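Participant: This is the structure, below, for whatever I ask next.
Just so you know, all these numbers are worked out from the coordinates, no wet-lab data involved. These figures come from a predicted structure and were not determined experimentally. No Cβ is skipped: glycine too gets one built from the backbone with ideal geometry, and neighbour counts run over all protein chains shown.
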Amino acid sequence: MSKRFIDTSLWDSSWFLDLSPEHKNLWQYLERNCDCAGIWEIDIPQLKRKIGYKEINLASFITGVNRDYDKLSGGSIIVSRIKLICNDTKLWLTEFISFQYEKGKNGINPNIPAIIGVLNRLKDSGIYDLAITLGFLRIQNSSKTETITTIPKGCQPLARVKDKDNDSSTINISLFESQLKTELITQYGQPAFDYAVREAVKHNKNNLAYIEGICKKRKEKESVKASLEESKQKKRELYKDLTPEERKSWSNLHLFDLAQSKKLEYLPPKEIGSG
């Protein structure tokens, strides 16, 4: 089952509130059933069976969705929230890509396999250049997008990260999570990410939030361990410069601290000798 972001403020939007109940239902159906580029191939008979309407006026629906209001004057304006493409055989939700895949205001990363599939789908439908021209597609480092010609066309399947210790253990990453996955690998490193994936599979936690939590905890533990090791190293350096008498006092003090913390460890004979 794939997952997608949803706009929780949709029911506060004037254009959406003015839609009929049927058109509201239809819009939400398209949001969930369009492809990875926001494109839906028109099939009215099938649509009727799925959402239970006897009649669907597609032209009326498009007009309603593309109506909006000027925030200053309150007057009605026309936008391009949805467009007919491919000789009127498909519908395109124009803001779908930016909403699902952009993070911040820098556009989408064209080097992520899932995003390459999205760009290929736009090219297949003949609207790649149109999407860029109208501002519905913004790409980071656009000079690198020529590499998409070497990738199989169409939307990429869900990414799968294999457990190195057990090839039968896998975890599914949905399309819009691909960029977060890349950022986690960049921040914590591939070995740490792979370890977190194995733990997630082991505990049946198929989501990146759980994986990120494991990465964070592991990094915190490594930081504490490094701090303790640095402290021990400083003590070793100090110990080298001590006189025999000072070393004896140091060892006795160290034994007392260990006893107080109930963390007795094995000590070399020279440290516990009577001197």
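Participant: Whose amide H sits under 5 Å from the amide H of Asp35, counting only residues 5 or more places off or on another chain, with H placed in the peptide plane?
Facilitator: Under 5 Å from the amide H of Asp35 lie the amide H atoms of Trp40, each far enough along the sequence or on another chain.
Participant: I need the peptides 76-82, 226-232, 114-120 ranked by packing, meaning the mean over residues of other C-beta atoms within 10 angstrom, with the highest value on top. Walk me through the numbers on the way to the answer.
Facilitator: Values: 76-82: 13.7, 226-232: 10.0, 114-120: 22.7.
Peptide ranking by packing, descending: 114-120, 76-82, 226-232.
Participant: Roughly how many Å is it from the Cα centre of the range 39-116 to that of the range 188-246, as a whole number?
Facilitator: Taking the Cα centre of the range 188-246 as reference, the centre of the range 39-116 is 47 Å away.
Participant: Could you go through the range 107-114 in sequence order and give the Karplus-derived ³J(HN,Hα) for each residue, using 6.51 cos²θ - 1.76 cosθ + 1.60 with θ = phi - 60°, rounded to whole Hz, and x for Gly and Pro?
Facilitator: Residue by residue, the range 107-114 yields x, 9, 8, x, 9, 7, x, 5 Hz.
Participant: Under a 5 Å amide H to amide H cut-off, with H placed in plane at 1.01 Å, what residues pair with Ile82 once short-range neighbours are removed?
Facilitator: Thr94
Participant: Starting from the eigenvalues of the Cα gyration tensor, five times each then square-rooted, give me the equivalent ellipsoid semi-axes of the range 1-83, largest first, whole Å.
Facilitator: Here the semi-axes work out to 23, 16, 12 Å.
Participant: For the range 1-147, build the charge dipole from Cβ charges (+1 Lys, Arg; -1 Asp, Glu) around the Cα centre, then report which of Leu58, Asn109, Ser98 sits farthest towards its positive end.
Facilitator: The Cα lying farthest towards the positive end belongs to Asn109.
Participant: Past 30 Å, Cα to Cα, is the threshold; run Lys24/Lys181; Lys54/Lys90; Lys3/Lys217 against it and keep the listed order. Kindly include the intermediate steps, with their values, before the conclusion.
Facilitator: Values: Lys24/Lys181 33 Å; Lys54/Lys90 21 Å; Lys3/Lys217 26 Å.
Violating the 30 Å Cα-Cα cut-off are Lys24/Lys181.
Participant: While we're on this one: Scan around Arg138 for amide H atoms under 5 Å from its own, H built in the peptide plane at 1.01 Å from N, and keep only partners 5 or more places away or cross-chain.
Facilitator: So Arg138 has HN proximity to Ile108.
Participant: What ³J(HN,Hα) values, in whole Hz, does the Karplus curve 6.51 cos²θ - 1.76 cosθ + 1.60 give for the range 63-74 when θ = phi - 60°, with x put for Gly and Pro?
Facilitator: Once rounded to whole Hz, the list reads 4, x, 5, 8, 9, 9, 9, 5, 5, 8, 8, x.
Participant: When the C-alpha atoms of the range 10-150 are aligned to their principal axes, what extent does each axis show, in angstrom, from largest down?
Facilitator: The Cα atoms of the range 10-150 stretch 45, 41, 24 Å along their principal axes.
Participant: Looking only at the range 10-150, where both bridge partners belong to it, what percent of the DSSP beta bridges are antiparallel (to the nearest 5)?
Facilitator: Working: 10 of 11 bridges.
Approximately 90 percent, going by the DSSP bridge assignments.
Participant: Loop only per DSSP, at most 14 neighbouring Cβ atoms within 10 Å: give me the chymotrypsin sites (Phe, Trp or Tyr not before Pro) in the range 1-104, ordered by residue number. List each step's numbers first, then the result.
Facilitator: Working: sites: Phe5, Trp11, Trp15, Phe16, Trp27, Tyr29, Trp40, Tyr53, Phe61, Tyr69, Trp92, Phe96, Phe99, Tyr101; in loops: Phe5, Tyr53.
Sites meeting the loop and neighbour criteria: Phe5, Tyr53.
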